[in-house]
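Right, one structure below, let's go through it.
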Amino acid sequence: MEVIERFQEGIELKGYRIGDGHPSIVITGGIHGDEQTGSYTAELVWKKLQNETLLGEVVIYPVCNMSAAKTRQRRAPEDNLDLNRIFPGTPDGSYSQRLANRIWQVTEGFDYLLDLHCCGLYGSTYSMHCYSYYDFAEELCRAIGVKTVIHSKGTRGQLYIEACEERNQKGLLIEMPGGQPGGVINEAAAEELADQIIGYLKYIGIVRGSAGLSKEVCFCGCFDKEIKAPFDGICRPSVTPGTYVKEGEVIACINDFEFKAPYDAVITGMPPMRFIFEGDSVARYAPLATIPKGAVTRKKRG
Ligand SMILES: [Zn+2]
């Protein structure tokens, strides 16, 4: 067990190390400063590992973007850049560019990379992956066993996408409820995911013990951002975050208008009753239909 402190040119990066050799994994949280469920989950994994036998190496950085975390914002106030869009960063750029580059360096050489994020107070837990074009993604998602997998658009500059593309690491990103706004922790979601991560570490052979692949995992499509509230009104949700709905099922009522699912879908985000305005997103959802191999174009670095 070792606490790692890496300070360089005003960059604060604190982590934990346990075990050594391969297979190895680096777990990152708090790349977005307000996404504290991810940071807390990383801390829980560290605690749980004290009772496990390590066969490989685990390194954990719970709060990667400390400057942003201290202001409970997504982005660091130094330059207001989105850290998870600029990997691998540059060694001589602005604060976030240098931080991205530092994180890129310290996450090199690991076989696996797990990046923990939050999708907001009214969100639910899901994996994100480009499972239609990374052959290893399905196995990783089944090994961690989070029920919902959303197909990522594969936007470049994200740590896990760059790790997959540029270094052939087996990257995975998990979104959890909590975080924005204000940087809060959903404790139940963190506890559940921390246990799933320990199972994942067993499956990939870093922690001693047996763990299998989940058959319950649902490989869903990309988020649909096209369908918006048709007019201003009071929106009452009919479902809770994480619910699976059938085509035509009522998701929410806007005044007396029944807002229905356009297809079988997973609702990953659903705010409580509130005023809603024309063009607002009513809920966050993705089609349940799995995206076939070859249907999504791999993104090039822009
Ligand atoms: Zn995030």
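Throughout, read-outs are computed from the coordinates displayed, never taken from laboratory work. Since the model is a prediction, treat every value here as computed from it, not as a measurement. Please note: Cβ atoms are built from the backbone with ideal geometry, for glycine as well, and neighbour counts cover all protein chains shown.
Share of antiparallel DSSP beta bridges in the chain, in percent to the nearest 5?
60 percent
Long-range amide H contacts for Asp34: which residues qualify at under 5 Å (H placed 1.01 Å from N, peptide plane, sequence gap of 5 or more or a different chain)?
When sequence neighbours closer than 5 places are left aside, the close amide H contacts are Gln73, Arg74.
Placing +1 at every Lys and Arg Cβ and -1 at every Asp and Glu Cβ, with all other atoms neutral, what dipole size does region 223-287 have around its Cα centre, in debye to the nearest 20?
Computed charge dipole of region 223-287: roughly 220 debye.
If you place +1 on the Cβ of every Lys and Arg and -1 on the Cβ of every Asp and Glu, how big does the dipole about the Cα centre of the chain come out, in debye to the nearest 20?
Roughly 320 debye for the chain.
Would you please give the residues with an amide H less than 5 Å from that of Gly171, counting only those at least 5 places away or on a separate chain, with H modeled from the backbone geometry?
Here Leu113, Cys164 satisfy the definition.
Only sites in a loop by DSSP and with at most 16 other Cβ atoms within 10 Å count here; which GluC sites (Glu not before Pro) in region 64-152 make the cut?
Glu78, Glu108
If you plug each phi of region 77-93 into the Karplus form 6.51 cos²θ - 1.76 cosθ + 1.60 with θ = phi - 60°, what whole-Hz ³J(HN,Hα) values come out, in order, with x for Gly and Pro?
In residue order, the calculated couplings are x, 4, 9, 6, 8, 7, 4, 8, 10, 10, 5, x, x, 9, x, 10, x Hz.
How would you rank Ile11, Ile267, going from fewest to most other Cβ atoms within 10 Å of each one's own Cβ?
Fewest-to-most ranking of Ile11, Ile267: Ile11, Ile267.
Mind checking which lysines have their Cα closer than 19 Å to the Cα of Lys215? Skip sequence neighbours fewer than 8 apart in that chain.
Here the lysines satisfying the reach criterion relative to Lys215 are Lys147, Lys202.
Decide, for region 2-203, between rounded, prolate and oblate: order the square roots of the alpha carbon gyration tensor eigenvalues as a ≥ b ≥ c, take rounded if a/c falls under 1.5, and otherwise choose prolate if a/b is larger than b/c, else oblate.
rounded
Go through region 53-67 residue by residue and turn each phi into a ³J(HN,Hα) via Karplus (6.51, -1.76, 1.60, θ = phi - 60°); whole Hz please, and just put x for glycine and proline.
In residue order, the calculated couplings are 9, 8, 10, x, 10, 10, 10, 10, 10, x, 10, 6, 10, 4, 4 Hz.
Considering the dipole of the chain built from charges on the beta carbon (Lys and Arg +1, Asp and Glu -1) around the Cα centre, which of Pro271, Thr148, Tyr40 is farthest to its positive end?
Checking the options against the dipole of the chain, the answer is Thr148.
If you filter region 195-276 for trypsin sites (Lys or Arg not before Pro), then keep DSSP loop positions with at most 16 other Cβ within 10 Å, what is left?
Taking region 195-276 and a limit of 16 other Cβ atoms within 10 Å, the loop trypsin sites (Lys or Arg not before Pro) found are Arg208, Lys215, Lys225, Lys246.
Once fully extended, how much extra length lies between Asp264 and Ala295, figured as 0.36 nm per residue of separation less the alpha-carbon to alpha-carbon distance?
Full extension from Asp264 to Ala295 adds 9.2 nm.
Using the alpha-carbon centroid of each, what span in Å lies between region 138-203 and region 103-118?
So the two Cα centres are separated by 11 Å.
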